[in-house]
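The values are calculated or read from the model by the stated rules, or taken from the named source; none is laboratory data. Keep in mind that this is a model prediction, so the values were computed, not measured. Glycine gets a Cβ as well: all are built from the backbone with ideal geometry, and neighbour counts include every protein chain shown.
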Amino acid sequence: MSFVSVGFLIFLAVVIFLYYCVPKKFQWLFLLAGSYAFYLSGGLYMLFFILLTTVTVFCGGLWMQRIKDRSKSKKAAKKINKRILLGEVFLNFGILLLLKYYNFAAVNIGSFFGLFHYDVSLPLINMVLPLGISFYTFQAIGYSIDVYRDKYKAETSLPRFALFISFFPQIIQGPISRYDQLGPQLKEKHYFQYENLTFGLQLMLWGYFKKMVIADRAGVLVSQVFSGYEQYDGLQTFVAMVLYAIQIYADFSGGIDMTRGAAQMMGIDLVDNFRRPYFATSVAEYWRRWHMSLTNWMRDYIFFPITLSKRSAKIGKWGKKHIGGTIGKQLPAYLPTFVTFTLIGIWHGAGWGFIVYGLYNSCVIILGMMFTPVFKRMKTGLHINEKSNGWMVWGILRTFLIMVYGKTISRAESLPAAFSMIRKSVFWFGDGSLLHRLTSMGLNGANLILLLLATGVFIIASVIQEKGIEIRPAIAGKPLPVRWAAYLALIISIIIFGVYGEGYSASEFVYRNY
Amino acid sequence: MQKEIENQTTGQENCPAEEKTKKQIPAAFRVILFLVLLCLTGVYLLNVFDMKDDKGAERVFNSFYSARDDSLDGIYIGSSSAYRFWIPTFAYENTGMTISNLGTGSQPVVLQKYIIKEALKSQKNMKVIVIDIRSLLNNDKRLKEADIRRVTDAFHVMDSPLKINQNRIDAIDAALDYFRSQNAEIEYTKAYYYFPFLKYHNRWQSDLTLKDLTALHFRNRYKGFVFTASGSLSVKKVTPPEFTDEAAELEDSSKTEVLQDLLKYCSGLDQEVVFVLSPYMISQQEQKQMNAYTAMIEEAGFSVLNFNKASKIRQLGIHWNSDFMDTKHVNVYGAMKYTEYLMQYLKKHVELPDHRGDENYESWNKAVERFYTKLELLEQMKEEGTLELNFNET
Amino acid sequence: MHKEETMRDKILEIINENAGTDRDWENQDRMIDDELIDSFDVVAIISDLADEFDVEITVDDMIPENFNSVDAMENLIQRLQEEQE
């Protein structure tokens with residue numbers, strides 16, 4: 001069930017209403033039922049996978065806990081638990097890898113052998129990915145690792161754990177929650193609070209605005225240009241690339257807003273996933289603001305473990321001794337950085353575009369790390385004030401551009417297509433008037449202007465938030481006519497300007513050609 | 001701790017709803033008020049973003065719906081072949097019969113049954129239904145979505161506050177099924193027809209006018225006759241067709257099926273059903289098809305007035321050089337001649353009351369006046385040369 | 001200058017080396033939470049701390065509470081030194 005559907009809105013309304021009607025101690029149980037009902041709307045067979053993950057991780061956690069509690073030697077317990085943990089990881093990540101990447105691997109192995117004229121054609125799996133598998137698998141394994149590390153005790157109730165894994169607002173797009181943050185909230189009794197309802201609803205509305213007015217609209221142009229990229233000139237290509245960066249941000253963060261808004265209406269606080277990523281002044285900072293629950297997961301469960309391992313320490317010592325300087329010091333961080341970002345790229349999907357996207361980010365960040373002292377010397381030499389607004393703006397634009405190019409690699413039809421588009425986008429010459437070129441990419445003038453205005457609203461809101469002002473309370477503090485005007489304007493914008501219903505292509509306005 | 005203290009001093013920013021001292025209106029009341037406001041806004045938007053009524057179809061239906069129950073003697077349905085030819089006010093003025101025009105541009109035959117059903121809801125005692133069958137000649141593959149919507153968007157969505165107009169739903173389903181079978185290239189998502197707003201909310205980007213923003217619904221002012229400044233006084237010299245009595249072999253089975261369905265439905269009606277084919281510059285091919293359809297209809301027991309015959313043209317007194325606005329439609333002068341003939345025919349063959357003098361029919365008297373007022377005005381403008389006409393061949 | 005640098009001084013030195021001298025690290029108490037030092041800085045600092053004080057800092061110690069301030073880091077190292085005697 002898509003969040004952007006009448007069905008979902010009705011489902012949510014019913015769930016929230018009943019949620020506050022059922023006896024408080026059964027609220028979590030009701031949520032569990034609701035979450036599974038939501039999950040089932042995707043298909044019965046998907047149930048198998050989420051249940052498998054839920055049960056294996058739950059049992060693994062209990063097992064580890066029991067061994068810890070009963071063992072006299074911490075070290076021995078850890079040894080056994082490590083095996084249990086690895087078992088869980090292999091099983092669940094194995095399933096994820098298989099379902100998500102098998103076809104990709106099969107096709108590429110076939111092509112590889114094809115180069116040598118060997119005919120190797122592996123059968124392909126014809127199955128839709130279980131809903132949210134990329135998210136709940138990570139969430140479950142994060143829990144396992146936390147239990148292994150003694151961060152908290154294993155959950156003893158299977159249904160409560162099942163709710164943590166299947167909680168419906170976050171099942172489609174995350175955020176990837178931690179058990180010590182979400183678990184207790186799911187267990188608490190939630191009393192109706194007017195503010196939760198209103199603020200949650202407002203957040204959801206903002207999400208719908210971003211998705212339906214900005215993202216889906218930009219998507220029309222992006223789809224058209226990316227799928228027919230040869231026909232468009234440099235400027236057009238560049239515009240499409242930038243709009244893709246806007247689309248994916250509005251789409252994803254809009255979805256997260258719907259998720260968090262829905263959860264808030266039930267009194268549950270899900271971690272935020274975005275912190276105005278396009279305001280970052282470096283790619284490293286960008287990844288601390290974009291899809292934060294994923295990057296934090298990677299940091300805590302991949303990056304830090306690798307960098308703090310004994311081997312890493314040895315490399316560090318070796319580097320400091322034999323290479324010295326910045327590089328020697330950073331050496332142990334290079335591999336984990338590389339691994340982390342490549343994994344992030346791959347996490348997005350099975351395709352060369354995603355892999356290269358991951359590599360691209362790794363390289364940019366590692367190069368940035370390596371050249372830090374060089375850049376520092378340049379800045380002092382050129383008398384550049386790092387704290388000045390000008391420098392900050394430069395950082396933002398530079399980073400945005402780097403990410404636009406990176407995202408193009410992940411979105412284009414193929415790697416050659418991506419490179420072709422990137423190469424083309426540097427030269428902005430083209431035939432015909434500017435107006436004509438801009439309006440022949442799938443969106444007419446009116447839509448382009450609306451997109452610009454809506455994005456402008458988005459940017460202004462982001463600037464306000466970046467300054468530390470929380471928007472919903474700020475609006476709520478204004479006099480009634482002002483706030484109601486704001487809420488109505490938002491709702492009306494979605495209703496009128498939302499991309500839904502009959503057609504956006506010129507051919508749809510057939511009724512005008514009597 | 002520090003945070004809590006800060007919260008207390010700037011409490012307004014963080015817990016507005018809980019500060020009852022500030023708000024005088026309790027939350028529940030505010031919510032209801034807001035929802036009411038939202039609903040009103042919604043209703044307003046639904047009325048702004050509706051069909052673009054280029055051909056006046058919505059206005060025609062609005063005029064029909066505004067008629068008092070059981071005040072009409074009949075309806076006249078068809079495409080522009082209907083609404084440019086039959087002048088209800090002229091017929092009323094001369095015979096007292098009240099037969100409203102329910103023609104819409106390129107009205108698909110498959111929808112005609114449903115239009116009749118719709119009319120019967122409020123006019124179940126009407127005496128006669130006149131059906132212009134020129135639409136049978138349409139190439140259904142070339143159907144435009146607008147041709148369906150001119151009818152289905154103009155129908156009321158609800159029969160009464162709690163009752164959905166099922167007839168409209170049936171009409172949409174039937175039309176889409178038929179045109180899918182004809183491979184017409186239109187939108188087939190039924191929801192977009194059930195809920196026109198799903199399509200029309202997009203009108204913000206193209207053709208929304210100030211008139212739309214008033215969300216007012218206008219009615220056709222001549223009981224369904226479409227009287228336009230640019231067309232009705234237009235004069236085009238039309239080449240008289242060569243008439244033939246030959247009939248073609250009817251091929252298209254789904255089209256004849258639709259016609260059979262309509263005929264079957266009409267057979268079950270108490271009303272007198274008269275089929276007509278209004279005159280225009282008809283081709284040989286078209287005539288042959290028409291003759292075949294005519295035979296079919298007559299076989300089913302209905303009378304067909306095919307005006308595309310030399311004798312009929314003479315009886316109408318229509319002149320090809322002066323009475324047509326274009327090759328397909330008569331101008332207002334031709335329409336008056338056409339209405340004159342047909343109203344006499346109907347008077348003779350159907351028992352129709354004479355409502356002239358009946359004080360309940362004041363709206364018809366007013367419509368007659370309006371007609372002549374406009375005619376005089378347009379004639380004056382034409383003489384002065386200030387009227388922009390589609391054709392002005394004399 | 002002091003003949004013997006205190007643990008605190010050494011820690012400050014390490015932070016300054018890795019995260020820059022622009023800030024007054026001594027008076028910060030939300031270094032991680034406010035992202036004044038990022039993951040890479042943390043890794044470098046830990047590497048130096050581990051070397052300097054001959055302790056093993058593992059992933060389990062990677063919580064913001066242990067690195068938010070100089071005091072926190074000092075406590076961490078003291079604890080680890082005791083544990084790893």
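Things worth noting here:
- Annotation for the stretch B:228-238: no member residue is modelled with pLDDT under 90, touching a Phe, Trp or Tyr at 6+ places or on another chain (Cβ under 9 Å) and not in a loop (DSSP other than H, G, I, E, B).
- In the set A:V57, A:V22, only one residue is part of a helix (DSSP H, G or I) and touching a helix residue (DSSP H, G or I) at 6+ places or on another chain (Cβ under 7 Å); that residue is A:V57.
- Consider the stretch B:204-221 and keep the residues that are over 21 Å from the mean Cα position of the chain (by Cα) and in a helix (DSSP H, G or I). The one that is farthest from the other protein chains (Cβ to nearest Cβ) is B:L210.
- Search result, residues across the stretch A:237-261 that are closer than 21 Å to A:G353 by Cα and polar (S, T, N, Q): A:T237, A:Q247
- The residue of the stretch A:313-337 that is surrounded by the most Cβ atoms within 10 Å (Cβ to Cβ), among those that are among the small types (G, A, S) and within 8 Å of another protein chain (Cβ to nearest Cβ), is A:A333.
- Any hit, the stretch A:154-161, residues being within 23 Å of the chain's Cα centre (by Cα) and either closer than 20 Å to A:F48 by Cα or in a loop (DSSP other than H, G, I, E, B) (or both): no
- Annotation: B:D326 fulfils all but one of (1) exposed (fewer than 15 other Cβ atoms within 10 Å of the Cβ); (2) of a type in the set (D, E); (3) part of a loop (DSSP other than H, G, I, E, B); the unmet one is (1).
- Among the residues of the stretch A:452-471, just one is within 10 Å of chain B (Cβ to nearest Cβ) and surrounded by 13 or more Cβ atoms within 10 Å (Cβ to Cβ), namely A:E470.
- Any chance A:V120 is touching a Phe, Trp or Tyr at 6+ places or on another chain (Cβ under 9 Å), of a type outside the set (S, T, N, Q), on the phi < 0 side of the Ramachandran plot and surrounded by fewer than 13 Cβ atoms within 10 Å (Cβ to Cβ): yes
- Per-region count, the stretch B:31-71, residues crowded, with 24+ Cβ neighbours inside 10 Å and away from chain A (no Cβ under 14 Å): 3
- Qualifying positions in the stretch A:284-305 - part of a helix (DSSP H, G or I) and either more than 9 Å from chain C (Cβ to nearest Cβ) or in contact with a Gly (Cβ under 7 Å, 6 or more places away or on another chain) (or both): A:A284, A:Y286, A:W287, A:M292, A:S293, A:L294, A:T295, A:N296, A:W297, A:M298, A:Y301, A:I302
- Counting only residues that are under 9 Å from the mean Cα position of the chain (by Cα) and more than 9 Å from chain A (Cβ to nearest Cβ), the stretch C:38-67 holds 4 of them.
- Selection of first residues in the stretch A:382-403 that are over 11 Å from A:T281 (Cβ atoms) and of second residues that are at pLDDT below 95 and surrounded by fewer than 16 Cβ atoms within 10 Å (Cβ to Cβ), restricted to Cβ pairs under 7 Å at least 6 apart or on distinct chains, gives the following pairs, ordered by first then second residue: A:I384/A:W391; A:N385/A:W391.
- In the stretch A:472-505, the qualifying residues are those that are within 21 Å of A:A446 (Cβ to Cβ) and in a loop (DSSP other than H, G, I, E, B), and the one that is farthest from the other protein chains (Cβ to nearest Cβ) is A:S505.
- Filtered residues of the stretch B:138-172 (kept if over 20 Å from B:F197 (Cβ atoms), surrounded by fewer than 15 Cβ atoms within 10 Å (Cβ to Cβ) and of a type in the set (S, T, N, Q)): B:N139, B:S160
- Number of the exception - B:T339 against (1) of a type in the set (S, T, Y); (2) under 24 Å from the mean Cα position of the chain (by Cα); (3) modelled with pLDDT under 95: (3)
Yes/no matrix, rows are residues, columns are (1) part of a helix (DSSP H, G or I); (2) closer than 28 Å to A:W287 by Cα:
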position: C:D9; (1), (2): yes, no
position: C:E17; (1), (2): yes, yes
position: C:D29; (1), (2): no, yes
position: C:I37; (1), (2): no, yes
position: C:I46; (1), (2): yes, yes
position: C:A50; (1), (2): yes, yes
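- Counting the residues of the stretch A:402-452 that are over 27 Å from the mean Cα position of the chain (by Cα), charged (D, E, K, R) and part of a helix (DSSP H, G or I) gives 3.
- Verdict on A:L367 being more than 20 Å from A:S410 (Cα to Cα), in contact (Cβ under 8 Å) with a residue 24 or more places away in the chain and assigned to a helix (DSSP H, G or I): no
- Subset of the stretch B:124-172 (residues that are among the charged types (D, E, K, R) and within 14 Å of chain A (Cβ to nearest Cβ)): B:K141, B:R142, B:K144, B:E145, B:D147, B:R149, B:R150, B:D153
- Going through (1) in contact (Cβ under 8 Å) with a residue 40 or more places away in the chain; (2) part of a helix (DSSP H, G or I); (3) over 26 Å from the mean Cα position of the chain (by Cα) one by one, B:K348 falls short only on (1).
- Per-region count, the stretch B:351-372, residues of a type in the set (A, V, I, L, M) and assigned to a helix (DSSP H, G or I): 2
- The residue pairs whose first member lies in the stretch A:1-22 and is more than 14 Å from A:F168 (Cα to Cα) and touching a residue at least 60 places away in the same chain (Cβ under 8 Å), whose second member is crowded, with 17+ Cβ neighbours inside 10 Å and not aromatic (F, W, Y), and whose beta carbons are closer than 7 Å, counting only pairs six or more residues apart or on different chains, are A:V4/A:K211; A:V4/A:M212.
- Comparison of C:E56, C:E82 shows that the only residue that is in a helix (DSSP H, G or I) and among the acidic types (D, E) is C:E82.
- Test: residue in the stretch B:189-202 that is more than 16 Å from B:R150 (Cα to Cα) and part of a loop (DSSP other than H, G, I, E, B): yes
- Taken over the stretch A:433-451, the criterion of being within 14 Å of chain B (Cβ to nearest Cβ), touching a Gly at 6+ places or on another chain (Cβ under 9 Å) and either buried (at least 17 other Cβ atoms within 10 Å of the Cβ) or under 17 Å from A:F209 (Cβ atoms) (or both) is satisfied by no residue.
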